[in-house]
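The values are calculated or read from the model by the stated rules, or taken from the named source; none is laboratory data. Just so it is clear, the structure is predicted and the values come from calculations on it, not from any experiment. Ideal geometry is used to build each Cβ from the backbone, glycine not excepted, and the neighbour counts take in all protein chains shown.
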Amino acid sequence: MATSFKNDRGEGDPDLTRALERLDGLVDWERRARSDHSGRLMRQSVAPARALLDRVGAPDRGLRCVLVAGTKGKGSVASLIAAGLRAAGEREAAYASPHVERVNERVRIGGRDIADRELAAALELVLDAQLAAEDAGAEATWFDVVTAAALLAMRDAGVQWAILECGLGGRLDSTNAVEPELGVITNISLEHTAILGTTRAAIAREKAGIARAGVALVSGAGGEDDEAGRAIGEVATEVGARLVRVEPPAPSTPIAERNRRLANAALAELGYAPLEDGAERDAALPGRMEFGRIGPTPVILDGAHVPASLDAVLAELARDSRLPGLPTVVFGCGADKDVASLLKVLRGRVDRVVCTSLVPGPYASPERLLDEAASIGLPAEAAADPGEALSMAAQRIGTQGWILVTGSLHLVGATRSRVRIARENETR
């Protein structure tokens, strides 16, 4: 699937459009099956990203880098750390993935999405390096190139700190080509099991691959009594990292507070003050507990894609008195997700589910989702595409109720333009 882009005027920027067309000629593991369940897995390696960085002058060497891994919340935590540094007067940038609507969202410099011209220039330089490479860089993927371009653009913008969200895992992720001054692990749930492992301990070891000797590793993934927390501790000991455990919050703790605690622990390790009031607003990312409306109908957009995350989202929204009754859910997810468990989280907590998909790509079909829902007694219907699903949901609830779009940030991106996103301080 080609990456679409529109600038703020609603027109494609020609330089960025050309760069994205070149970029889309590379393998994009975000938009294709990462495993065909026959032993063929996506290639993971830091070597292509490292080779590209070296070919364009190793821009990361002049940056102070923080790596943030984890199952849920890593983009928000990275953005909060960047906000804390910005409040302290530091020149910072954050790198996140995936983007929801615009590829520029992946690179935020000083709290703002990178400009078209700067992103296009960085992409063209790295793409030229990839084309000329005779080493590992020749095998670079879409994500390798974007990661290297992000770091190049950050250096050229005079950034001091680069806060980098890992794309998948940690040990073999493109972002791990840098040498960080701090590592952060938010939490661990079962995800990408064909790639990362089938237990929380195995997945934790992969994500803890961002650890470095003599460098602090802040972890919110549990202690020695938890299999993931124990595995992270083992990796930290093996490499000589200094493990800083953040006590897991109570289940009722709001998601924003969980993220704030981790960000504050990271900032403390870097020698900076805790986040100021209102930091969450300044650091907000698209599609993370984002509020909007279709007409008078409230719509919540959240890309939760593992059962634990979806459970936390539903629990928090259920406590919001401004969202009465049960939601109608527009749901779609990757084919490699735990579809049955995700739908079980919804059962009894929603009015109905409108199942949909994005095509082409590695997504569960509406028919598969509908069959799974029927098997557990979850009221559901199918829609061919996200736009139709959102329209169906709005029609079903009439003048009462609200809509939750969830299961995938890609699904959120496919529906977000149809939702009027709430302005700052607008009440729900």
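Couple of notes before you dig in:
- When the stretch 24-57 is filtered for residues that are assigned to a loop (DSSP other than H, G, I, E, B), crowded, with 16+ Cβ neighbours inside 10 Å, modelled with pLDDT of 65 or more and among the hydrophobic types (A, V, I, L, M, F, W, C), the ones remaining, listed by number, are Leu26, Val46, Val56.
- Hey, Thr199 surrounded by fewer than 22 Cβ atoms within 10 Å (Cβ to Cβ) and among the polar types (S, T, N, Q) or not: yes
- Of the residues making up the stretch 96-103, at least one is within 22 Å of Ile255 (Cα to Cα) and either small (Gly, Ala, Ser) or assigned to a strand (DSSP E or B) (or both).
- Just one of the listed residues (Asp173, Asp116, Asp156, Asp128) is surrounded by 24 or more Cβ atoms within 10 Å (Cβ to Cβ) and acidic (Asp, Glu), and it is Asp173.
- Residues that are in a helix (DSSP H, G or I) and at pLDDT below 95 within the stretch 175-199 comprise Thr193, Ala194, Ile195, Leu196, listed in sequence order.
- Options Glu206, Glu238, Glu234: the member that is assigned to a helix (DSSP H, G or I) and closer than 30 Å to Gly334 by Cα: Glu206
- In this structure, Gly12 does not qualify as within 17 Å of the chain's Cα centre (by Cα), at pLDDT below 95 and among the small types (Gly, Ala, Ser).
- Residue list for the stretch 289-305, filter: in a loop (DSSP other than H, G, I, E, B) and either among the hydroxyl-bearing types (Ser, Thr, Tyr) or touching a helix residue (DSSP H, G or I) at 6+ places or on another chain (Cβ under 8 Å) (or both): Met289, Gly295, Asp302, Gly303, Ala304, His305
- Pair list, Cβ under 6 Å, 6 or more apart: the stretch 372-387 residue in contact (Cβ under 8 Å) with a residue 24 or more places away in the chain, other residue hydroxyl-bearing (Ser, Thr, Tyr): Ala383/Thr356; Pro386/Thr356; Pro386/Thr415
- Residue match in the stretch 158-168 (condition: touching a helix residue (DSSP H, G or I) at 6+ places or on another chain (Cβ under 9 Å), of a type in the set (S, T, N, Q) and at pLDDT 95 or above): yes
- Any hit, the stretch 139-150, residues being surrounded by fewer than 24 Cβ atoms within 10 Å (Cβ to Cβ) and among the charged types (D, E, K, R): yes
- Condition broken by Pro286, with the remaining ones in (1) in a loop (DSSP other than H, G, I, E, B); (2) out of contact with any Lys or Arg (no Cβ under 7 Å at 6 or more places or on another chain) satisfied: (2)
- Subset tally (residues that are within 20 Å of Ala213 (Cα to Cα) and either without any contact (Cβ under 8 Å) to a residue 24 or more places away in the chain or in a helix (DSSP H, G or I) (or both)) for the stretch 241-283: 7
- Looking only at residues in the stretch 299-324 that are under 19 Å from Asp385 (Cα atoms) and out of contact with any strand residue (DSSP E or B) (no Cβ under 6 Å at 6 or more places or on another chain), the one that is modelled with the highest pLDDT is Gly303.
- Of the criteria (1) in contact with a helix residue (DSSP H, G or I) (Cβ under 6 Å, 6 or more places away or on another chain); (2) surrounded by 20 or more Cβ atoms within 10 Å (Cβ to Cβ); (3) not in a helix (DSSP H, G or I), which one Arg108 fails: (1)
- Candidate set from the stretch 266-281 (those that are under 21 Å from Ala69 (Cα atoms) and among the acidic types (Asp, Glu)); member that is modelled with the highest pLDDT: Glu269
- Among the candidates Gly70, Gly75, residue that is crowded, with 22+ Cβ neighbours inside 10 Å, on the phi > 0 side of the Ramachandran plot and in contact with a strand residue (DSSP E or B) (Cβ under 8 Å, 6 or more places away or on another chain): Gly70
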